[in-house]
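Structure first, commentary second.
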Amino acid sequence: MDVSKVEMVKMTNYDPTVVVREQVDAIVGYASNQPQTLTAQDLPFSEFLPSDLGVEGTYNVMEVNSRFLDEHREVAADFMRASLKALQFCLDEADECIDMLAALAEENGQGAAFPRDQLARTWEVESAWVRESAGGNPGVQTEDMCSPSTRSCRSTATSRTSPPSPT
């Protein structure tokens, strides 16, 4: 593919209907969001997932500034544990979690951008990824799970062991 022949367009929203309305030929989106929106609207579309080509991944990534991590390792670990504890709560109490997110969006004037029905569709997909993860506990992706096509996992991995389970 000759990338010089591809016109890149900056998207300012997550509206996947721009593809089915033929305003653009393709978009990069979240598998748990845009396809779910199109499916809910019964709109025809095609999707390509990296996993279709054997490129496996994780449902989410946490990033931290290296200097901050070096200087505040316990703070970063506490943040990760709190995030994983919140994730476990949402896995156990999906409806309550979705209600909390929808209320928070509404309180901050973002209710139209994050309607409860879309949040529920998104969570249905994302929670399945977590529950079906080959890594075991939520948030775990081991070096062994990385294939040669995902070498970046090996080069950026800082931990060879699973983090402790959230309590």
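The values are calculated or read from the model by the stated rules, or taken from the named source; none is laboratory data. Only a predicted model underlies this, so the values are computations on that prediction, with no experimental measurement involved. Note that each Cβ is placed from the backbone with ideal geometry, even for glycine, and that neighbours are counted across all protein chains shown. With ligands, DNA and RNA removed, areas are computed over all heavy atoms of the protein, side chains included. Shrake-Rupley method; radii C 1.70, N 1.55, O 1.52, S 1.80 Å.
Quick notes on this structure:
- When you filter the trypsin sites (Lys or Arg not before Pro) in region 1-52 for DSSP loop state and at most 15 other Cβ atoms inside 10 Å of their Cβ, you are left with K10, R21.
- Calculated P(r) tail over 18 Å for region 1-123, as whole % of Cα pairs: 69
- Ordering of 39-46, 95-102 by packing [mean C-beta count within 10 Å, highest first]: 95-102, 39-46
- A 1.4 Å probe run over the protein chains yields, for region 1-51, 83 Å² of accessible area per residue, whole-number rounding.
- Area of D25 that stays accessible when all protein chains are in place (1.4 Å probe, Å², to 10): 150
- Here the accessible area is traced with a 1.4 Å probe on the protein chains. For region 1-117, carbon and sulfur cover 54 percent of it.
- The gain in end-to-end length when the V64 to A128 segment is fully stretched comes to 20.5 nm, 0.36 nm per residue minus the alpha carbon separation.
- Cα gyration tensor category, rounded, prolate or oblate, for region 76-129 with a/c compared to 1.5: oblate
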